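Have a look at the structure below before the remarks.
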Amino acid sequence: MLKKLRATLNEGGRLAISLKRGDGEEWSDAKLGAPRYFCYWQPDRLEPVLRTAGFSGWTIKEEMTDCAHAAWLYVIATA
């Protein structure tokens with residue numbers, strides 16, 4: 001998916017995404033009452049994926065929130 005998103009951007013364009021921080025994956029029906037799939041990420045595993053997708057640079061900011069899943073990664077990647 002990141003390769004497809006990269007292909008839509010002009011050189012120097014930016015992509016902003018947020019990802020749940022953690023390990024593994026799971027299905028959950030919390031909040032919506034319908035199944036949703038979650039894949040958790042660590043910053044060091046995310047960097048090679050961004051590079052392979054063709055992004056030239058990125059920042060990854062880690063934040064704790066008051067939400068049920070408190071650990072988030074906020075990513076801004078440059079094409």
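The values are calculated or read from the model by the stated rules, or taken from the named source; none is laboratory data. Bear in mind the structure is a predicted one, so any value in this text is a computation, not a measurement. Ideal geometry is used to build each Cβ from the backbone, glycine not excepted, and the neighbour counts take in all protein chains shown. Protein only, heavy atoms only, side chains kept; ligands, DNA and RNA dropped before computing areas. Shrake-Rupley method; radii C 1.70, N 1.55, O 1.52, S 1.80 Å.
For the subset of the range 1-22 comprising residues that are surrounded by fewer than 16 Cβ atoms within 10 Å (Cβ to Cβ) and in a loop (DSSP other than H, G, I, E, B), which member is nearest to the chain's Cα centre (by Cα)?
The selected residue is 1.
I'm checking my understanding of the structure. Among residues of the range 23-77 that are of a type in the set (Ser, Thr, Tyr) and either in a strand (DSSP E or B) or at positive phi (or both), which one is least open to solvent (accessible area, probe 1.4 Å)? I'd like the intermediate steps shown before the answer.
Let us first name the residues in the range 23-77 that are of a type in the set (Ser, Thr, Tyr), namely 28, 37, 40, 52, 56, 59, 65, 74.
With the extra rule that they be either in a strand (DSSP E or B) or at positive phi (or both), the set shrinks to 28, 37, 59, 74.
Working: 28: 30, 37: 105, 59: 85, 74: 92 Å².
Among those that are of a type in the set (Ser, Thr, Tyr) and either in a strand (DSSP E or B) or at positive phi (or both), it is 28.
Going through 50, 73, 15 one at a time, which residue ends up being touching a strand residue (DSSP E or B) at 6+ places or on another chain (Cβ under 8 Å) and in contact (Cβ under 8 Å) with a residue 60 or more places away in the chain?
On the way: 50 fails: in contact (Cβ under 8 Å) with a residue 60 or more places away in the chain; 73 fails: in contact (Cβ under 8 Å) with a residue 60 or more places away in the chain.
From the options 50, 73, 15, the qualifying one is 15.
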